[in-house]
Amino acid sequence: MEFPKTLFDSFEIDEQHLPAANNEEEKFRAFRQLLIQRIEELIHRDFEKLKWILYRIDVSEKKLNEALQNSETDAATVMADLIIKRQIEKAESRKKFGGNENDWNFDL
């Protein structure tokens, strides 16, 4: 999976913090773990910023609330998985509908 630079920027994650990975699955797991850690920090230090990021990435508030109520995992993990899922959905949509790199891109 190719990670959008905007996702790194939104969560102020430096790609250099990702450990060297032998394959895409390892890279994905490392990215996911960094994202979870950053979300945990935002939950405790700047919850308003986290809400703004979730809104800008277009994570459904309804889906988030349902996932948080129905999950046994911590909130940061639930949010990270929803963010990743939403980014994948947007990438697939761009492929399906012929998104061009020169098109306007409002992802954060």
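Assorted remarks:
- Full-stretch length increase - E26, F97 - with 0.36 nm per residue and alpha-carbon distance subtracted: 22.6 nm
- Spin-label model, E41 to E89: label points 7 Å out along the Cα-to-beta-carbon direction sit 2.7 nm apart.
- Of the GluC sites (Glu not before Pro) in the stretch 39-102, the ones in a loop by DSSP (not H, G, I, E or B) with at most 16 other beta carbons within 10 Å are E72, E101.
- In straight-distance terms, cross-link reach from K96 covers every one of the lysines whose alpha-carbon lies under 27 Å from its own, apart from those fewer than eight places away in the same chain; here that gives K5, K27, K62, K63, K85.
- The stretch 51-60 - phi-based ³J(HN,Hα) in whole Hz, Karplus 6.51/-1.76/1.60, Gly and Pro as x: 4, 4, 5, 4, 5, 5, 6, 6, 7, 4
Throughout, read-outs are computed from the coordinates displayed, never taken from laboratory work. The model shown is predicted, which means the values in this text are computed figures rather than measured ones. Cβ sites come from the backbone with ideal geometry, for glycine too, and all protein chains shown count toward neighbours.
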